[in-house]
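A short write-up of the structure that comes next.
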Amino acid sequence: MTTQVANNVTVEIAEALKSVLADQFVLYTKARNYHWNVTGGHFFRLHELFEKLYDELADDIDEVAERIRALGAYAPGAMSEFLKLSNITETENYYPEADEMVNTFTNDYELVTNRILENAARIQDEYKDEVTAGLLYGLAQKYQKNIWMLKSLINN
Ligand SMILES: [Fe+2]
């Protein structure tokens, strides 16, 4: 297993991680939004679920940001940077029904997971950075499990 990565590629790996970090941060904020604003018959279940998801994302954000630092780059930490780097869209002053929240969150998770998997494969194949790829594959495994749970909720 390769753990030593040449300096010239660490910059490119860190850039890829910045986009993942931004997606996670926007999704984290959306989980908070939905935790606060969900309504309906499944309020308690969804209120608690979104809390569990943002707590998990908070830990994941830290892992990715600190991996960026370990690679020698600065981690973006401004909301304006996250919004520029992220593919996740936000809606202002809009509070959908619970089902739509779950659907939107599932779709966003899929976007983030696909981006993570694409980056993990590239980082493993092109840059031979098994440690960063391993971190990303671990995140993808966790998010795929969350996607399954969210989809199971929708089908109830
Ligand atoms: Fe709360």
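Taking the criterion of being over 27 Å from S152 (Cα atoms) and either in a helix (DSSP H, G or I) or within 16 Å of the ligand (Cβ to nearest atom) (or both), would at least one residue in the range 99-109 satisfy it? Quick ask: steps written out before the conclusion?
We begin by selecting, within the range 99-109, every residue over 27 Å from S152 (Cα atoms); these are none.
No, the conditions are met nowhere in the range 99-109.
Restricted to the range 29-49, and to residues there that are among the hydrophobic types (A, V, I, L, M, F, W, C) and touching a residue at least 24 places away in the same chain (Cβ under 8 Å), the residue that is surrounded by the fewest Cβ atoms within 10 Å (Cβ to Cβ) is F43. Yes or no: S86 away from the ligand (no atom under 16 Å from the Cβ) and either at pLDDT below 95 or within 15 Å of the chain's Cα centre (by Cα) (or both)? Yes: the conditions hold for S86.
Screening the range 50-76 for residues that are loosely packed, with under 13 Cβ neighbours inside 10 Å and farther than 20 Å from L139 by Cα and picking the one that is farthest from the chain's Cα centre (by Cα) gives G72.
Only residues that are more than 12 Å from the ligand (Cβ to nearest atom) and under 17 Å from A98 (Cβ atoms): list them for the range 52-62, please. Steps first, answer last, please.
Here is the first cut: in the range 52-62, the residues more than 12 Å from the ligand (Cβ to nearest atom) are 53, 56-62.
Across the range 52-62, the qualifying residue is only L53.
Among the residues of the range 9-51, the ones that are part of a helix (DSSP H, G or I), away from the ligand (no atom under 12 Å from the Cβ) and of a type in the set (S, T, N, Q) come to 4 in all.
The values are calculated or read from the model by the stated rules, or taken from the named source; none is laboratory data. Keep in mind it's a predicted model, so treat the numbers as computed, not measured. When we count neighbours, we look across all protein chains shown, and the Cβ atoms used for this are built from the backbone with ideal geometry, even at glycine.
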